1. Please list the three semi-axes, largest first and in whole Å, of the ellipsoid equivalent to segment B:60-245, using sqrt of 5 times the eigenvalues of its alpha carbon gyration tensor.
2. With helices defined as uninterrupted DSSP H runs, which ones in chain B have an alpha carbon span along their own long axis of at least 24 Å and mean Kyte-Doolittle hydropathy of at least 1.0?
3. Quote the FRET efficiency, to the nearest 0.05, computed for B:Ser239 versus B:Gln87 with a Förster distance R0 of 22 Å and r equal to the Cβ-Cβ distance.
4. About its Cα centre, how strong a charge dipole does chain B have in debye, to the nearest 20, once Lys and Arg get +1 and Asp and Glu get -1 at the Cβ?
5. Take the Cβ-Cβ distance between B:Met284 and A:Glu171 as r, set R0 to 45 Å, and report the resulting FRET efficiency rounded to the nearest 0.05.
6. Considering Cα pairs under 8 angstrom that are at least six residues apart, work out the relative contact order of chain B and quote it in whole percent.
7. Given Cβ point charges of +1 (Lys, Arg) and -1 (Asp, Glu) and nothing else, what value in debye, to the nearest 20, does the dipole of segment B:60-245 about its Cα centre take?
8. Please arrange A:Arg145, A:Arg124 by counting, for each residue, the other beta carbons lying within 10 Å of its beta carbon, fewest first.
Amino acid sequence: MGLITLENVSKIYDGDVRALDDVSLEIKHGEWVSIMGPSGSGKSTMLNLIGCMDTPSKGVVKIDGIDISKLNKKELTKVRREKIGLVFQQFHLVPYLTAVENVMVAQYYHSMADEEEALKALERVGLGHRANHLPKELSGGEQQRVCIARALINYPKLILADEPTGNLDKENEQIVVDLFEELHRQGHSILMVTHDPKVGQLAQRQIILEHGKKLESNK
Amino acid sequence: MKKWKMFLRMISQALKERKSRVAIVFFAIVVGIGVISALFSVYYDINIKMSKELRTYGANLALKPNSDQAQNLSLNELERVIAEFSQEELVGYRPNLYGIAEVESQVSVFKSNKPVVLVGTWFDQIDKINPYWQIEGELSINHDIKDEVVIGRDVAEKLGYDIGDKLKLATENTWGSEEFLVTAIVETGDDADNRIFLNLGVVERLLAKEGQLNTAYLSVISKGEDLKEKAAKINQKLSGVELETIQKIASSEGKVLDKIKSLMYLVVMVILLSTLLCVSTTMMTIVAERKEEIALKKALGAENQDVIIEFLTEAIILGGIGGLVGYGLGFVGAQLIGKSVFDSAISFRSMVMTSSFILSIVVSCIASTLPVSRVVDIDPAVTLKGE
């Protein structure tokens with residue numbers, strides 16, 4: 001059984017706008033998959049469904065064996081909290097909390113905040129020395145690395161990254177890409193939405209979406 | 001780290017982050033609760049303070065013999081009635097024993113005697129029972145002085161007496177006239193201007209009515225209790241006496257107090273409403289400004305109630321501290337009102353402090369309810385995409 005399974009999934013808005021149209025796919029444990037496609041192709045919709053922030057209009061979405069299609073918001077939140085680590089394009093850190101506190105926030109809503117463990121997560125992304133800095137005192141690359149540390153802290157089944165290098169310069173992009181490669185080597189499952197073909201090619205598998213349909217996959 | 005420690009860490013950092021907004025909410029609560037607690041502090045003292053102030057209008061109770069049982073009162077009966085009031089309630093009481101005396105006129109050539117109403121009383125109680133009387137000269141405070149007389153303005157003018165003169169009077173019970181020194185002339189604006197006043201003991205002797213009284217007047221501070229009801233209770237308890245409120249004074253006291261209370265309720269309602277509006281609009285702005293943060297927390301696994309509890313805790317902290325500071329300032333304000341209006345301090349009441357504290361928390365929670373309820377509508381997928 002795959003980690004993520006989409007069976008004939010459609011997401012229809014306002015009765016006739018098909019953001020996703022009969023898409024099926026499976027992501028296995030430890031796999032790194034990139035989703036690519038132009039704007040409006042349904043990448044974000046797919047990400048929202050897999051990230052338990054939305055439910056499909058048709059079809060079945062299974063995450064680690066759980067069919068989320070019929071879950072209510074509270075149950076979706078629980079699955080997201082337990083199974084998924086999120087990395088955003090715009091970083092999204094709590095501005096008044098330090099780097100280590102931002103990592104601890106994810107622990108706090110998951111179970112129990114553990115400062116020592118949060119520090120280790122920051123060290124893992126090379127930011128141990130910046131633990132007590134506020135987001136505004138960190139560079140874009142550093143902020144994204146804090147986000148990755150936050151995504152990893154609760155040992156999620158899947159890391160869901162939405163354009164993680166989209167707001168970074170070349171140097172920081174490389175650092176973040178290296179981090180994802182390392183995470184993959186360590187066995188993490190990664191689903192990454194990206195516009196950048198170079199980043200997308202690093203994944204084991206690329207899924208191309210257009211007008212809500214899955215056009216091709218290299219496997 | 002314990003969960004509540006992280007919770008407090010997030011709350012304190014969030015409050016520090018928005019100092020200006022927090023200051024507006026805090027200031028609104030401090031001012032609102034300050035004014036309300038000042039008004040309440042004064043309100044609970046106002047019955048006593050106002051009643052004390054209104055004592056300048058004179059007695060508000062009159063004691064008479066129960067006409068079915070006796071013609072006169074006794075001093076003992078007066079003392080029994082007085083015992084029904086505490087020292088704090090009783091401003092003063094003045095017994096009266098009336099009679100007719102013949103007073104020698106200084107005006108006519110033949111120095112003929114004229115009939116004058118004679119009143120036996122205690123002079124030291126005049127300023128408590130009749131504080132509006134204009135007194136020229138001095139009133140003796142000693143009940144035992146036997147040779148001094150106080151005369152009404154009309155008596156002084158009609159019979160030609162002044163302070164320092166000797167006044168001769170006689171009653172039907174005395175052999176010939178007795179001489180008294182005029183020590184004061186009173187101008188009362190009522191019948192008392194046509195009377196002469198002697199110490200009660202002297203009049204008892206002159207009229208041969210030892211230990212007897214016709215009436216007594218009492219000036220009593222009502223501590224929230226209806227004076228009429230209290231008088232009725234005393235009448236029921238003590239036979240032979242009839243204690244009555246002096247309607248004009250007692251009812252105007254009640255009316256003034258009722259009007260002041262109504263005005264205070266109105267002011268409190270207006271202040272509460274304006275505080276609610278101010279806190280609510282500021283909280284609305286805070287929630288709007290923190291929309292992305294709320295969406296992020298929800299994306300990270302926070303449930304609506306987690307975020308709502310965080311916001312309400314911030315509101316409770318602001319409300320609680322604001323309420324205590326507001327109460328402190330309100331208490332100082334109440335002292336200033338007490339000093340300037342009543343010339344006395346306003347008592348500390350822990351009940352007002354506790355109520356102010358609870359009220360401020362309730363106000364800030366109610367004011368935050370609508371803004372915080374918007375947390376539920378924030379969709380992390382939409383908000384975090386910047387849409």
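Rule-based calculations on the coordinates, nothing more; no lab input. Keep in mind the model is a prediction, meaning the values are calculated, not measured. Every residue, glycine as well, gets a Cβ built from its backbone with ideal geometry; the counts of neighbours run over all protein chains shown.
1. The equivalent ellipsoid of segment B:60-245 has semi-axes of 32, 18, 13 Å.
2. TM-like helix candidates: B:19-54, B:247-289, B:304-337, B:350-373.
3. Efficiency, rounded to the nearest 0.05: 0.30.
4. 2380
5. After rounding to 0.05, the efficiency reads 0.60.
6. 27
7. Roughly 320 debye, rounded to the nearest 20.
8. Ordered by Cβ neighbours within 10 Å, fewest first: A:Arg124, A:Arg145.
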